[in-house]
Amino acid sequence: MIERMQQLLGELEEFSATTPEVLEAYRNKMLSKKGVIAELFNEFKSVDPALRRETGKMLNELKEKAIAKIAHAKDLLDQALEAQKGSDVPDLSMPADFAPLGARHPISIVRNRINGIFEKIGFVISDGPEMEDDWHNFSALNFPLEHPARDMQDTFFIGKNPDLALRTHTSSVQVRVMESQKPPIRTISPGRVFRNEAISARAHCIFHQVEGLYIDKGVSFADMRQTLLYFAREMFGENTEIRLRPSFFPFTEPSAEMDVSCSICGGKGCNLCKYTGWIEIMGCGMVDPSVLENCGIDSKIYSGFAFGMGIERITMLTYQIKDLRMFFENDLRFLQQFRAAT
Ligand code: DAH
């Protein structure tokens, strides 16, 4: 019996539980009513009286150690289980999370296309601030002091400062480029512009323009026409025709408005072109010599052309979007239709 108890003590020493089931089985084996210790107590009744003292002492010791050891093993197991809860090992066989793909905004798609068309023929992109002073937005561009565009009705001024406003067009970037670079200049400037307009299907107080500028020796109106024809055909298709109508802008002389032949009816007349066969898409002209001089460029040596177009308008024509407000409403049903486009 003593040998058996020694063996059990050794086992007890070694024991550790990795799962609640192992612990419970061991507890059963040792301490239950039919367990080994209960059995030993039974056996003890028939132990030789000479050995009783020693055997009894050892048996009680074994029982106490078993109770203590099993309680300790339970504590350790509980702690381990608690720690595991927080750091669940990931199941690497699970299918990957489905990350929904967004779509580029149609204004960005068309802006990128316009940029790309001009970049192909050597134009570089330039940028300017959305908050402008009077000089860059108006004065350098020949807007007379009493010009209605300067009026509070059209321009968002910043606070009470009459010299600081949100730019009303991207032509302000022309001025910045000419002031800081020497010709030859070939640049386009896409960006946001702001006008105090009532919001409707055709107008918004925030919209986007692309400005173009080409300055070099001997640049002519014919160069402008050819450049814009190239743009129109890249943008709207190779059969597109253009038409230049006389117009007025303070910063160009002569000035023109450019129409493209209607891409829907091919010029025959339809709803989109209001049965004229033509759609107006931009303003353009030869940079007024006094604008060149305002920006430190010698107008006796250099000449150039400029043009400006609204990106919303081109986008509406490209995708036949009827209401300009759609661009600003962030309606996913609208935006997701452009998923396939880049
Ligand atoms: N800045 C003009 C506008 O906002 C557009 C424009 C017209 C730009 C003619 C030009 C240009 O560069 O030559 O209506």
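Odds and ends about this structure:
- Flag if SER247 is among the hydroxyl-bearing types (Ser, Thr, Tyr) and either more than 10 Å from the ligand (Cβ to nearest atom) or open to solvent by less than 20 Å² (accessible area, probe 1.4 Å) (or both): no
- Residue match in the range 316-334 (condition: surrounded by 20 or more Cβ atoms within 10 Å (Cβ to Cβ) and either among the acidic types (Asp, Glu) or within 19 Å of LEU244 (Cα to Cα) (or both)): yes
- Residue in the range 291-311 that is within 24 Å of VAL193 (Cα to Cα), open to solvent by less than 10 Å² (accessible area, probe 1.4 Å), of a type in the set (Val, Ile, Thr) and within 16 Å of the ligand (Cβ to nearest atom) present: yes
- Of everything in the range 264-290 that is closer than 30 Å to PRO144 by Cα and not aliphatic (A, V, I, L, M), the residue that is nearest to the ligand (Cβ to nearest atom) is GLY283.
- Any hit, the range 113-123, residues being crowded, with 17+ Cβ neighbours inside 10 Å, within 16 Å of the ligand (Cβ to nearest atom) and in a strand (DSSP E or B): no
- Of all residues in the range 41-80, those being touching a residue at least 12 places away in the same chain (Cβ under 8 Å) and farther than 29 Å from GLU3 by Cβ number 2.
The values are calculated or read from the model by the stated rules, or taken from the named source; none is laboratory data. Computed from a prediction, not measured in an experiment: that's the story for all the values here. Because the Cβ atoms are built from the backbone with ideal geometry, glycine has one as well, and the counts that use them run over all protein chains shown. Just so you know, the surface numbers come from the protein's heavy atoms only, side chains and all, with ligands and any DNA or RNA stripped out. Shrake-Rupley method; radii C 1.70, N 1.55, O 1.52, S 1.80 Å.
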